[in-house]
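Asker: Please read through the structure below; I'll follow up with questions.
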Amino acid sequence: MLELKGISKAFGGIVVANDIDLTLSRGEALGVIGPNGAGKSTLFNLITGMLRPDRGRIILEGNDITWTKPEARCHAGLGRSFQIPLPFSYLTVFENLSVAALFGARVSEAEAVQLCGDILALTGLESKANVLAGSLPLLDRKRLELARALATRPRILLLDEIAGGLTDVECHLLVEIIRRIRIDGVAIIWIEHVVHALLAVVDRLIALDFGKIAMQGPPLEVMRSKEVQAIYMGVPA
């Protein structure tokens with residue numbers, strides 16, 4: 001569904017993406033790990049068009065989207081959540097989803113009502129539909145961030161540290177929601193520091209370091225790698 005070919009990006013002398021080759025298959029869940037500053041969020045910014053690469057190409061379902069605007073990528077099936085949830089605080093939860101459905105998925109008002117109702121049920125936000133988004137606690141803000149991305153009807157969903165700051169119980173609830181999303185055939189790329197949540201979902205794991213893919217493969221194999229352990233600890237494992 002998605003392919004990155006030789007994607008590179010630098011800010012002056014700081015390389016944030018270094019010749020990245022990446023593929024995502026239909027229905028696959030791909031995890032991305034790496035220390036702070038490894039280039040994980042930059043990778044998402046490049047995929048979604050918030051940053052332009054210096055070199056390389058991005059192919060979405062056979063179409064070159066390297067220079068396509070972010071909103072066009074959303075319309076083409078790329079949905080994203082952000083590490084820090086920033087909903088429209090003075091709109092209700094339902095209204096936040098409606099904005100995503102009407103302008104992201106570009107559905108009719110009647111279709112938006114049905115779509116948003118289904119997503120509220122999926123994410124456990126039904127009882128909060130008429131609550132102002134700015135008054136939500138962290139777990140519900142994280143759920144809303146996920147729900148807004150889903151309301152754009154993505155075929156590929158990018159999750160940026162969505163489990164950060166949650167308790168173990170809250171993390172478990174979030175993992176169950178993401179598993180249900182996968183049942184609908186949505187492909188996922190998930191950046192996460194909460195590794196046990198990530199390993200409960202993903203099929204394949206990529207480790208980034210200084211903007212470069214250090215290792216990729218089966219999740220447990222990557223996590224047990226001495227190279228990956230050394231990247232996290234800063235010393236030979």
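Asker: Which members of region 143-155 meet the condition of being hydrophobic (A, V, I, L, M, F, W, C) and in a helix (DSSP H, G or I)?
Answerer: Leu144, Leu146, Ala147, Ala149, Leu150
Asker: In region 103-134, what residues are without any contact (Cβ under 8 Å) to a residue 40 or more places away in the chain and among the small types (Gly, Ala, Ser)?
Answerer: Hits for region 103-134 are Ser108, Ala110, Ala112, Gly117, Ala121, Ser127, Ala129.
Asker: Here's something else I'd like to know. Taking region 170-208 as the search range and keeping residues that are β-branched (Val, Ile, Thr) and under 20 Å from Leu120 (Cα atoms), which one is modelled with the highest pLDDT?
Answerer: Selected residue: Ile188.
Asker: Which condition from (1) farther than 25 Å from Arg224 by Cα; (2) free of Cβ contacts under 8 Å to residues at least 12 places away in the same chain is the one that Asn36 breaks?
Answerer: (1)
Asker: Let me ask something else. So if I check each of Leu102, Leu78, Leu22, Leu60, which one is crowded, with 17+ Cβ neighbours inside 10 Å, of a type outside the set (Phe, Trp, Tyr) and within 14 Å of the chain's Cα centre (by Cα)?
Answerer: Just a single option satisfies the conditions, and that option is Leu78.
Asker: Could you list, in sequence order, the residues of region 10-19 that are touching a residue at least 12 places away in the same chain (Cβ under 8 Å) and either farther than 21 Å from Asn63 by Cα or among the hydrophobic types (A, V, I, L, M, F, W, C) (or both)?
Answerer: Within region 10-19, Ala10, Val15, Val16, Ala17, Asn18 meet the criteria.
Asker: Another question, if that's okay. If I filter region 130-142 for residues that are assigned by TED's automatic domain parsing to the domain that holds Glu3, more than 14 Å from the chain's Cα centre (by Cα) and in a helix (DSSP H, G or I), do I get at least one hit?
Answerer: No, region 130-142 has no match at all.
Asker: While we're here: Provide a single number: the residues in region 119-129 that are within 19 Å of Arg80 (Cβ to Cβ) and part of a helix (DSSP H, G or I).
Answerer: 3
Asker: How many residues are without any contact (Cβ under 8 Å) to a residue 40 or more places away in the chain, farther than 15 Å from Arg148 by Cβ and part of a loop (DSSP other than H, G, I, E, B) when one looks only at region 68-102?
Answerer: So the count comes out to 3.
Asker: If I ask for residues that are part of a helix (DSSP H, G or I) and touching a strand residue (DSSP E or B) at 6+ places or on another chain (Cβ under 9 Å), which ones from region 180-201 would you list?
Answerer: Of everything in region 180-201, those that are part of a helix (DSSP H, G or I) and touching a strand residue (DSSP E or B) at 6+ places or on another chain (Cβ under 9 Å) turn out to be Ile181, Arg182, Val195, Ala197, Leu198, Leu199.
Asker: Is one or more of the residues making up region 31-47 hydroxyl-bearing (Ser, Thr, Tyr) and surrounded by fewer than 18 Cβ atoms within 10 Å (Cβ to Cβ)?
Answerer: No.
Asker: Another question about this same structure. Among the residues of region 90-109, are any within 22 Å of Leu173 (Cβ to Cβ) and of a type in the set (Val, Ile, Thr)?
Answerer: yes
Asker: Is there a residue being among the hydroxyl-bearing types (Ser, Thr, Tyr), touching a Lys or Arg at 6+ places or on another chain (Cβ under 7 Å) and touching a residue at least 60 places away in the same chain (Cβ under 8 Å) anywhere in region 46-59?
Answerer: Within region 46-59, one or more residues are among the hydroxyl-bearing types (Ser, Thr, Tyr), touching a Lys or Arg at 6+ places or on another chain (Cβ under 7 Å) and touching a residue at least 60 places away in the same chain (Cβ under 8 Å).
Asker: Tell me which residues, restricted to region 156-177, are surrounded by 22 or more Cβ atoms within 10 Å (Cβ to Cβ) and part of a helix (DSSP H, G or I).
Answerer: Scanning region 156-177 gives a single hit, Leu174.
The values are calculated or read from the model by the stated rules, or taken from the named source; none is laboratory data. In this text, all values refer to a predicted model and were calculated from it rather than measured experimentally. In this analysis, Cβ positions are derived from the backbone assuming ideal geometry, glycine residues included, and neighbour counts consider all displayed protein chains.
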